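The values are calculated or read from the model by the stated rules, or taken from the named source; none is laboratory data. Quick caveat, the model's predicted, so the values are computed rather than measured. Glycine gets a Cβ as well: all are built from the backbone with ideal geometry, and neighbour counts include every protein chain shown. Calculation scope for accessible area: heavy atoms of the full protein, side chains included, ligands and nucleic acids excluded. Shrake-Rupley method; radii C 1.70, N 1.55, O 1.52, S 1.80 Å.
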Amino acid sequence: MTLTTIDNAAARRLFLDRHALHEAPQGGAKGAALAALIERLGFVQLDSINTVARAHDLILFSRRPAYRPKSLKALYEKDRALFEHWTHDAAVIPMAFYPWWQLRRERDAEKLRHQWRNWRRDGFEKQFQPVLNHIREHGPVCSADVGKKEARGSGGWWDWHPSKTALEYLWRSGALCVVGRDGFRKRYDLTERVIDEALCAPLRTEDEIRRTIDWCCTGALDRLGFATPSEIAAFWAHVTIAEAKVWCDAALASGALCKVLIEGHDGSLRESFCRPDTLSDPVLQHAPASRLRILSPFDPALRDRKRAERLFGFDYRIEVFVPEAQRKYGYYVFPILEGDRLVGRVDMKAFRGEDVLRVRALWPEQGVRWGKGRVASFESELARLTRLAGVSEIRFEDGWLRD
């Protein structure tokens with residue numbers, strides 16, 4: 001049987017559409033409109049690095065330039081329209097999805113108890129009840145509010161004391177939930193105080209587990225457009241590759257999915273799954289909005305670095321943990337999207353005490369010319385970004401446009 005090939009241009013268009021990067025960056029950016037965008041994406045990764053803006057803020061801003069961080073905070077902490085948990089990393093997730101995280105919470109309960117018991121976390125299980133009692137009596141806490149005697153011997157934020165470990169475990173396994181952040185420190189409360197009891201039912205039967213796996217795989221593919229079983233499994237990071245493969249095979253047999261060949265930027269072909277009606281999606285024929293925009297290194301469209309390289313020819317590595325002398329580009333370098341191409345990467349930082357955004361260096365991608373028009377588009381995007389970064393001036397360092 002000959003498989004249909006989705007050429008590279010069409011694959012990029014479809015992929016960008018599913019990540020809300022195909023249309024022009026505009027529209028409502030608070031309340032129900034912001035909640036709908038997050039649901040469309042599935043989740044938004046949280047990250048503390050704030051060289052220009054935190055990852056979650058830039059992810060939303062790049063799609064809705066009217067976005068401001070206070071809108072996400074209100075949606076999360078006031079309206080309780082979001083909850084915080086893990087996908088591949090910490091993220092905010094639509095509250096309606098909370099029941100589907102039960103599989104993750106139950107699997108984490110087993111996995112983390114074993115892992116952390118053997119990871120210099122001796123005694124954390126004995127702190128479960130004291131931590132729960134403290135929260136019940138005193139209300140929501142940060143990690144600094146528990147285990148103060150234990151913390152005195154701690155080597156820093158990376159060296160969790162048993163009570164902090166207990167907090168994290170009780171959150172990851174479901175007894176606690178995160179109700180907000182002070183700065184970037186999580187505040188934990190009893191789940192029973194915050195989450196509707198109807199959303200918290202345990203998975204009691206194999207059928208309930210299968211329905212959760214079905215939801216995870218369906219939701220992942222809907223947000224990717226096309227994917228392999230490993231990409232489907234990695235999207236929420238709840239199910240295994242084997243479980244995703246079983247789901248794909250069953251959906252293929254029933255006609256709910258079809259196999260296609262996805263053309264990479266280099267002409268290579270990769271077998272993937274998609275829905276049959278995807279092949280007639282109008283977005284395949286329409287070029288995306290051409291406006292240049294700066295993306296977070298943790299943008300959902302770039303989270304899978306290998307897929308970004310296959311589709312766009314964009315080889316990206318975040319160098320936060322690379323020794324400075326060994327960095328190819330910089331500590332925290334932002335990818336630049338224009339239409340359906342990643343056209344460069346920029347090293348920049350907001351110095352809020354000086355009220356300035358400093359552009360240190362920009363590296364065009366191979367074959368991309370940065371003429372006057374593209375430079376002007378870049379400067380316009382920086383001007384928009386200053387509002388999110390909290391500064392009013394832009395300065396370009398000498399030699400900022402690199403070969």
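In the list 209, 262, which residue meets the criterion of being in a helix (DSSP H, G or I) and either open to solvent by less than 50 Å² (accessible area, probe 1.4 Å) or closer than 29 Å to residue 105 by Cα (or both)?
From the options 209, 262, the qualifying one is 209.
Against the definition (within 19 Å of residue 299 (Cα to Cα) and either touching a His at 6+ places or on another chain (Cβ under 6 Å) or among the aromatic types (Phe, Trp, Tyr) (or both)), how does residue 58 come out, yes or no?
When the stated conditions are applied, residue 58 does not pass them.
Being open to solvent by 40 Å² or more (accessible area, probe 1.4 Å) and at pLDDT below 95, is that true of even one residue in region 334-351?
Checked against the condition, which is being open to solvent by 40 Å² or more (accessible area, probe 1.4 Å) and at pLDDT below 95, region 334-351 yields no hits at all.
Does residue 232 satisfy the criteria of being in a helix (DSSP H, G or I) and hydrophobic (A, V, I, L, M, F, W, C)?
Taking the combined requirement at face value, the residue satisfies it.
Take the residues in region 33-58 that are among the charged types (D, E, K, R) and within 30 Å of residue 351 (Cβ to Cβ), then tell me which one is nearest to the chain's Cα centre (by Cα).
Only one residue tops the list, namely 47.
Give just the number: which of (1) within 25 Å of the chain's Cα centre (by Cα); (2) over 25 Å from residue 39 (Cβ atoms); (3) not in a helix (DSSP H, G or I) does residue 273 not satisfy?
(2)
Of the residues 301, 287, which single one is modelled with pLDDT of 95 or more and either in a strand (DSSP E or B) or open to solvent by less than 40 Å² (accessible area, probe 1.4 Å) (or both)?
Within the list 301, 287, the selection yields 301.
Can you run down the residue pairs with Cβ atoms below 7 Å, 6 or more apart or on separate chains, where the first is in region 28-51 and basic (Lys, Arg) and the partner is open to solvent by less than 30 Å² (accessible area, probe 1.4 Å) and part of a loop (DSSP other than H, G, I, E, B)?
40/20
Only one of these conditions is not met by residue 72: (1) buried (at least 19 other Cβ atoms within 10 Å of the Cβ); (2) touching a helix residue (DSSP H, G or I) at 6+ places or on another chain (Cβ under 9 Å); (3) touching a residue at least 40 places away in the same chain (Cβ under 8 Å). Which number is it?
(3)
Please tell me if residue 223 is part of a helix (DSSP H, G or I), in contact (Cβ under 8 Å) with a residue 60 or more places away in the chain, of a type in the set (D, E, K, R) and surrounded by 15 or more Cβ atoms within 10 Å (Cβ to Cβ).
Against the criterion (part of a helix (DSSP H, G or I), in contact (Cβ under 8 Å) with a residue 60 or more places away in the chain, of a type in the set (D, E, K, R) and surrounded by 15 or more Cβ atoms within 10 Å (Cβ to Cβ)), residue 223 qualifies.
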